[in-house]
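Data block below; observations after.
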Amino acid sequence: MSQASSARRKRGATASPWFRLLKGLCAAVLVTVAGVAIFALIMQWVKPTEDAVRVFNQVLKLLSIAAGVFVAVGRGGNGGLIRGAAVGLLYMAVGVALYVILSGQQAPITAYLADLGMGVAGGGIVGMILSNLSPR
């Protein structure tokens, strides 16, 4: 039994960097979907202002990126800055693309670049912090 779990751990540790990024992106998307669903339920009872919705949206994006980076990098993982920034960039790029496709609205290019920059910076910072924590 212990050999089987040890073999699984070794395979997980040697997973392709692309697979780890994809797992991180999926985790970030799941956190976002859950957060939006919970916030939609809360909005039925509490009528938040438009500013409160904007703040919640930004906080949810950062929390989602942090969760995705945790999955992609882990505690004490290697390449936290690069992997974290990559997860943040991919997450925000998918979000921007979906916004453009689903809403049909065009925001200024600076707004899109700001979102991408926030994703890269947030993911990179979380990745650096995680890679410097001691592994369990």
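The values are calculated or read from the model by the stated rules, or taken from the named source; none is laboratory data. Note that the coordinates shown come from a computational prediction; the quantities given were computed from them, not determined experimentally. Backbone-built Cβ (ideal geometry, glycine too); neighbour counts: all protein chains shown. Note: accessible area is taken over every heavy atom of the protein model, side chains too, but ligands, DNA and RNA are not part of it. Shrake-Rupley method; radii C 1.70, N 1.55, O 1.52, S 1.80 Å.
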Estimated D of the range 91-133 in µm² per second, where Rh is the Kirkwood radius over Cα pairs and Stokes-Einstein applies at 10 °C, 1.306 mPa s: 139 µm²/s
Lys and Arg at +1, Asp and Glu at -1: add these up for the other residues within a Cβ distance under 14 Å of Val71 and post the number. +4
If each of Val33 and Val55 carries a label point 7 Å out from its Cα toward its Cβ, how far apart are those two points in nm? 2.9 nm
Pop a pseudo-label 7 angstrom from the Cα along the beta-carbon direction at both Ala15 and Gln44 and give the gap in nm to one decimal. 3.4 nm
What list of ³J(HN,Hα) couplings, whole Hz, do you get for the range 89-94 from phi and the Karplus terms 6.51, -1.76, 1.60, once you set θ to phi - 60° and write x for glycine and proline? 5, 4, 4, 5, 5, 5
How do Ile42, Ile65, Ile129 stack up against each other in accessible area, from largest to smallest, with a 1.4 angstrom probe? Ile129, Ile42, Ile65
Taking the Cα centre of each part, how many Å lie between the range 118-136 and the range 18-32? 15 Å
Placed amide H near Gly76: partners under 5 Å, 5+ positions off or other chain: Ser131, Asn132, Leu133
Accessible-area composition of the chain, carbon plus sulfur, in percent [1.4 Å probe]: 71 percent
For the chain: accessible area per residue (Å², 1.4 Å): 66 Å²
Nearest-10 value in Å² for the accessible area of Arg54, using the 1.4 Å probe: 140 Å²
Solvent-accessible ranking of Tyr99, Tyr112, largest area first, probe 1.4 Å: Tyr99, Tyr112
Could you order Asp115, Asp51 by accessible surface area, starting with the largest, using a probe radius of 1.4 Å? Asp51, Asp115
With the radius of gyration and the Kirkwood radius both derived from the Cα set of the chain, what is their ratio Rg to Rh? 1.06
Please calculate the 1.4 Å probe accessible area of Met43, with all protein chains present, and give it to the nearest 10 Å². 70 Å²
